[in-house]
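Trainee: Encoded as structure tokens, here's the structure I'll be asking about.
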Amino acid sequence: MRQQQVDSWWAQWTCVGGTCAPAAAAPRNRFERVLDGYTSVTAPFLRGCFVFVTVAAAVAVSVALGPVGGLLMEAVFFLVAATYCLANFARCREAHCIVTGVGWSALAVASVVAALAQRDIRGGAWLAFLVIAVAGHGFEAIWKASHGSNALRLGQG
């Protein structure tokens with residue numbers, strides 16, 4: 001994994017290339033190598049300050065494609081982001097990633113359903129994307145305050 005390890009929320013959002021806390025162990029099998037490869041490729045676009053550029057580009061493309069095409073494009077974006085978070089959670093255990101990974105996966109499904117039903121929920125979907133991000137990072141802040149690490153490991157006191 002080429003992600004950098006940082007210890008503060010501020011560094012996490014200003015550090016281009018992402019974070020991993022704690023650092024992931026060396027991959028033990030092909031699946032873990034695939035997860036590491038995926039996070040290495042997507043982290044520069046989905047972590048740190050560049051996520052704002054990525055989201056702005058996704059919103060612009062969504063608007064240009066219209067309601068159905070835009071929702072399908074959003075679904076792909078939400079799924080890419082969710083997959084990144086779930087892969088990152090599997091390898092690094094960052095607490096926010098379980099919330100954002102599951103939340104954005106559900107949002108991808110909702111976007112596909114809305115596109116099939118020809119219901120334009122693009123504005124609400126982006127608001128939900130933001131709410132899920134805030135909820136995930138809020139959960140991580142609480143976890144870190146009570147456990148001393150932003151790595152979610154059950155059984156820690």
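Trainee: In Å, what is the Rg of the alpha-carbon atoms in segment 9-147, and how long is Dmax?
Mentor: So, for segment 9-147, Rg and Dmax equal 15.3, 45 Å respectively.
Trainee: If you consider only alpha-carbon coordinates, what radius of gyration and Dmax does segment 117-157 have, in Å?
Mentor: Taking only Cα atoms of segment 117-157, I get Rg and Dmax of 15.5, 48 Å.
Trainee: Let me ask you something else. Residue separation times 0.36 nm, minus the C-alpha to C-alpha distance between residue 26 and residue 147: what's the value?
Mentor: So the extension gain works out to 41.2 nm.
Trainee: Please give me the summed charge of the neighbours of residue 138: other residues whose Cβ is under 14 Å from its Cβ, Lys and Arg +1, Asp and Glu -1.
Mentor: Summing Lys and Arg as +1 and Asp and Glu as -1 gives -1.
A short reminder: the numbers here are calculations on the coordinates, not readings from a lab. Given the structure is predicted, the values throughout are model-derived calculations rather than measurements. Here the Cβ is made from the backbone with ideal geometry for all residues, glycine too, and neighbour counts use every protein chain on show.
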